[in-house]
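S.K.: Have a look at the structure that comes next, please.
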DNA sequence: GAATAATTGGGGAAAAAACCCTTTTTGAAT
DNA sequence: ATTCAAAAAGGGTTTTTTCCCCAATTATTC
């Protein structure tokens, strides 16, 4: 059975020109897929979005300036939940679960070979999800090791307060100053911190900082 | 005057297949340059190196597994100092000076457009060095702001003690535990810390951790 | 509406981190 | 050998962090 339908439109959002163009070229070389939008960041993507170029699959970089991957994911799952999001990521850490909850359908490592890229796109179309072997492995490992520790099935889910707190933890502010900035009592900060110590299995502020860095809660601007 | 000589051989060391192939294709499109070696990491590069494919310019990624950019730089400037090293980097931070001291001739950001890549290669050949405008700016800024504060002309140079201390600072060990591990008195740890506070212009342990992360003193394993 | 759970806040204490200033040790230079 | 400077180590203090246990205030559920 030959593929005679119109190609599936794919969107690309990544601020690295080189990676983006390389991906675009690879995708354009597949008969079944075409590239309908290319953007530097989430904001630009949303601006360019219209009924003509609405992609069925969106390949999205997570760490971008302007409007980052998480914000973009949130916007898309609210406004266009039919778009299937495939995340371009170097992180195969716990934040995966956050992303899945946020509507992400799959993960690609940036050094994906063309063959697997095609496979990923097809999986997303057919099954609705895609996961590379390496990342599938991590996910299983996560479910296994985290076990029944917190929340539903052990995944580490941070709420908005904890995330904005974590961002501030990775600065030189004292907890008192963080409390002022967050407009809450220093005691509540204590509670946030202690809850995170438990959740993230760390014992000190440095542990929180390293978690935040490793999981992209704070972005490192080189 | 036409360019009729043999093309200048360029080596490529980067563990991201996509970026590496994209760069290779771009370089191959330039008449004056050819790609003579492509490798995943420093070790592979050294293994592949022979008199036939000896590159004049090496484009090198700094953060790789196996043998990373710094180790590779060191090996090259000892064994083949004639090879001009162009670093592919996202860091435009102070660690630049370390790299320059290590023999690096220039810096490229990963999202370099093809035109500038060509320009960079030509600059390296003609002047021996290359620096993108953005990074040149950072360097000037660095020299200006750091002024006459430390060392020769203000560059932040960390000695071995400070580097191994910084690595431990980014763990959940207390200073007392760090002192034990480093086999020195806790007071000396105080001295190290206070010296780094001054040098790096930070006020707390979190500041040290963030510096270590941003400058690759500690490596984040995703 | 009452019971229950989660979030927010408080007092106080022990440990760690940060900041003083001073002394000893070490290493390099003349 | 002596001098000089840097590195290492100490004593003591203040601030911050961490860790208790407990009370008030919201949400949630029955």
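Coordinate-derived values only; no laboratory data. Values in this document were obtained by computation on a predicted structure and should not be read as measured data. For neighbour counting, all protein chains shown are included, and Cβ atoms are generated from backbone atoms with ideal geometry for every residue, glycine included.
S.K.: Run through the other copies and list how far each one's label point is from that of residue A:80, in nm with one decimal, shortest first; the point sits 7 Å from Cα along Cα-Cβ.
M.R.: So the label point of residue A:80 gives 4.7 nm to the other copies.
S.K.: Would you kindly work out, in nm and rounded to one decimal, the distances from the label point of residue B:197 to those of the same position in each other copy, ordered shortest first, with label points 7 Å along Cα-to-Cβ?
M.R.: 2.3
S.K.: If you put a point 7 Å past Cα along the Cβ direction, how far is that point for residue A:160 from the same point in each other copy, in nm, smallest first?
M.R.: Result, one decimal in nm: 5.2.
S.K.: Additional query: Obtain the nm distance between the two label points defined at residue B:54 and residue B:183 by a simple spin-label model: each point lies 7 Å from its Cα along the Cα-to-C-beta direction.
M.R.: If labels sit at residue B:54 and residue B:183, their model points lie 4.2 nm apart.
S.K.: State the residue of chain A whose Cβ is nearest the axis carrying A onto B, and the distance in whole angstrom.
M.R.: Rotation axis A onto B, closest Cβ, rounded to whole Å: A:22, 2.
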